[in-house]
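Written below as structure tokens is the structure these notes are about.
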Number of protein chains: 2
Amino acid sequence: MARVVSERADVLPALGEVFREHGFEGASLALIGARTGLGKGSLYHFFPGGKEEMAEAVLAEIDAWFTHEIFAPLRESKDPRQAIAAMLQAIDAYFRSGRRICLIGAFALGATRDRFAARVDGYFAAWEEALGQALMRLGHRKKAAVALSEDAVAAIQGALVLARARNDPAIFRRALARLGDRLRTV
Amino acid sequence: MARVVSERADVLPALGEVFREHGFEGASLALIGARTGLGKGSLYHFFPGGKEEMAEAVLAEIDAWFTHEIFAPLRESKDPRQAIAAMLQAIDAYFRSGRRICLIGAFALGATRDRFAARVDGYFAAWEEALGQALMRLGHRKKAAVALSEDAVAAIQGALVLARARNDPAIFRRALARLGDRLRTV
DNA sequence: GTCTATAGAGTGATAGAC
DNA sequence: GTCTATCACTCTATAGAC
């Protein structure tokens, strides 16, 4: 029996893509097996909790990525203006200029939202909080910073919906450009 | 056998709610049968094409509602300022202040997007076009009107995602209020 | 020998189609 | 209601690393 040693973390990217493309319900184990190249044995070895644990692991990885790459810089940077510009650039890259959807946003709209409520809520709460901090250090008052960060996160999610709905990544890029203008104005 | 005469159109609201709550894949025929009160026989009598035809009929009904209640007034009203205000009010009512998601937006994010591509694309295209017309009559130049309407539709979709993600309808109402301000400024 | 990664036949339940 | 396909999942077996 071939033994291609792998570990849990190795299959998370493929797992994420399957969930992105088919949703939680639509991602069958057959599909997951095909895309990860793993049999059910391996899958259940890595994720004894089945599909739910697989999705949870994917969400946790996304959360960790955003925390490290986006939220922490927003919170800690000495230069909030630069941190916000970096956020927009990282977001453009992460979502492949609108060709890739936000798995957490997609989960939020489905019946999956309640199953992963903590992760879904926590992700957006952290994003808004981190961006709000940067905006305050940029000179906004607390109320304005909260409103603006809520608006920004919503604008990104909405642009992802629209870009995919209309199958036009340019929609996402235009939205990011407008958002950049709005976030630069104090 | 009781014969409660009903027709296709009667079951569309219930059908819409099931798809909203469970998504296309998650809405099983058992669930649909329970919520509509119809057996599989009746369902296949009304919708010979099965689930796909059911979803298509729901999308068509939503499209018709928006065309009549939102898009047409935006295009035809003599008073674009009032038409835009009416749009925001109708949207708030339709989405129950953020407690109800946009089925078309949800479909756009899933694998269902390709299946119903024409409806999904057409819905958002019509919305943007209608709002853009109202904005031009309000005094915006074409480019600004197009950008602003794209921004507005995205803001609404994003607010729906966020409101549901964070389980807080107030997010949606705040977003609509900010959007109202932005659309009033020429 | 033990342990971990693997494969996949087999389980009952439930899916959508008709 | 009946059909067949497919679902998530279980379980046994096995290979190789120690």
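Laboratory data are not the source of any read-out in this text; all were calculated from the coordinates shown. What you see is a predicted model, and the numbers here were worked out from it, not measured in a lab. Positions of Cβ are generated from backbone atoms using ideal geometry, with glycine treated the same way; all protein chains shown enter the neighbour counts.
Structure summary
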item: Orientation-averaged projected area, Cα convex hull of the range B:59-184 (nm²); result: 7.1
item: Chain B: most fluctuating residue of B:126, B:60, B:147 per GNM, C-alpha cutoff 10 Å; result: B:147
item: C-alpha long axis of helix A:169-184 to longest principal axis of chain A, angle in °; result: 40
item: Rounded tilt (10° steps) of A:8-26 against the dominant C-alpha axis of chain A; result: 80
item: Part-to-part distance (alpha-carbon centres) for the range A:21-85 and the range A:139-163, which is given in Å; result: 23
item: Taking the C-alpha atoms of the range A:63-128, convex hull volume expressed per residue in Å³; result: 79
item: Lysines with Cα under 25 Å of residue A:78, excluding same-chain neighbours fewer than 8 positions away; result: A:142, A:143
item: Label geometry 7 Å along the beta-carbon vector: residue A:69 inter-copy distances in nm; result: 4.0
item: Projected label distance in nm at residue B:144 and residue A:28, using a 7 Å step from Cα toward the beta-carbon; result: 5.4
item: Total formal charge among the other residues, if their Cβ is under 12 angstrom from that of residue B:53, Lys/Arg +1 and Asp/Glu -1; result: +1
item: GNM result for chain A, Cα springs below 10 Å: residue of A:82, A:157, A:133 fluctuating most strongly; result: A:82
item: Nm distances between copies for residue A:177, ranked from closest, using label points 7 Å along Cα→Cβ; result: 3.2
item: Simple label model, 7 Å out from Cα along Cβ direction - residue A:78 to residue A:184, nm; result: 2.3
item: GluC sites (Glu not before Pro) restricted to the range A:1-81 and DSSP loop, no more than 12 other C-beta within 10 Å; result: A:7
item: Rotation relating A and B, chain B residue nearest the axis via C-beta, angstrom; result: B:158, 1
item: Helix B:80-94 axis, angle to chain B major axis (alpha carbon atoms, nearest 10°); result: 30
item: Inter-copy spacing of residue B:56 label points, which lie 7 Å from Cα along Cα→Cβ, given in nm from shortest upward; result: 4.0
item: Dipole in debye (nearest 20) - chain B, about Cα centre, beta carbon charges: Lys, Arg +1; Asp, Glu -1; result: 620
